Amino acid sequence: MGARARRPGLHARVGSMLDLPLGDGELAGAVAFYSLIHLQVEERPSAYEEFARVLRPGGLVLAAFHAGQEVRHLDSWLDHPVSLDFFALRPEEVAAGLTAAGFAVEATLMRGPYLGEADTERAYLLARRLG
């Protein structure tokens, strides 16, 4: 069941972090939960710049991701064949990328896995768009 079926009043759009279907400064906030982990290293600056483009000055972005430097590949997920890479990211590199795109990182939180989660450390970065 999709977002529209679950929440009929919710306005949802599908897009790519590299080319968001939003106007400049349209949003007050954005959440990127475990989505950056699917981007190649050379794509990440474009995603950070897109976040900055669609957020108004003072807008917040909250990014959550698996922390580290490893790459995990899956050929099967939820009993379906896939070819999916998960890139663990270094929090300081994500912070530097957001800073270069015009954000000030306001908070970083790290945590270990909850019971039943993949055995990785998690990072949460909260950043505010400058200017």
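For (1) part of a loop (DSSP other than H, G, I, E, B); (2) under 14 Å from R129 (Cβ atoms), each residue gets a yes or a no:
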residue: G23; (1), (2): yes, no
residue: R56; (1), (2): no, yes
residue: H73; (1), (2): no, no
residue: E92; (1), (2): no, no
residue: A96; (1), (2): no, no
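Looking at the range 93-110, is at least one residue of a type outside the set (K, R), out of contact with any Ser or Thr (no Cβ under 6 Å at 6 or more places or on another chain), open to solvent by less than 60 Å² (accessible area, probe 1.4 Å) and more than 14 Å from A127 (Cβ to Cβ)? No, there is no match, as no residue in the range 93-110 is of a type outside the set (K, R), out of contact with any Ser or Thr (no Cβ under 6 Å at 6 or more places or on another chain), open to solvent by less than 60 Å² (accessible area, probe 1.4 Å) and more than 14 Å from A127 (Cβ to Cβ). Residues that are touching a residue at least 40 places away in the same chain (Cβ under 8 Å) and in a strand (DSSP E or B) within the range 75-90 comprise L84, D85, F86, F87, L89, listed in sequence order. Restricting attention to the range 1-21, the residues being surrounded by 10 or more Cβ atoms within 10 Å (Cβ to Cβ) and either in a loop (DSSP other than H, G, I, E, B) or of a type outside the set (S, T, Y) (or both) number 9.
Scanning the range 1-44 for residues that are in contact (Cβ under 8 Å) with a residue 40 or more places away in the chain and under 12 Å from the mean Cα position of the chain (by Cα) gives L36, I37, H38, L39, R44. Considering A88, A67, the condition of being over 18 Å from V105 (Cα atoms) and either in contact with a helix residue (DSSP H, G or I) (Cβ under 8 Å, 6 or more places away or on another chain) or of a type in the set (A, V, I, L, M) (or both) is satisfied by A88 alone.
Residue pairs whose Cβ atoms lie under 7 Å apart, separated by 6 or more positions or on different chains, with the first residue in the range 106-131 and farther than 15 Å from L89 by Cβ and the second among the β-branched types (V, I, T), are P113/T120.
The values are calculated or read from the model by the stated rules, or taken from the named source; none is laboratory data. Everything quoted here is computed from the prediction, not taken from an experiment. Because the Cβ atoms are built from the backbone with ideal geometry, glycine has one as well, and the counts that use them run over all protein chains shown. Heavy atoms of the whole protein, side chains included, go into the accessibility calculation; ligands, DNA and RNA do not. Shrake-Rupley method; radii C 1.70, N 1.55, O 1.52, S 1.80 Å.
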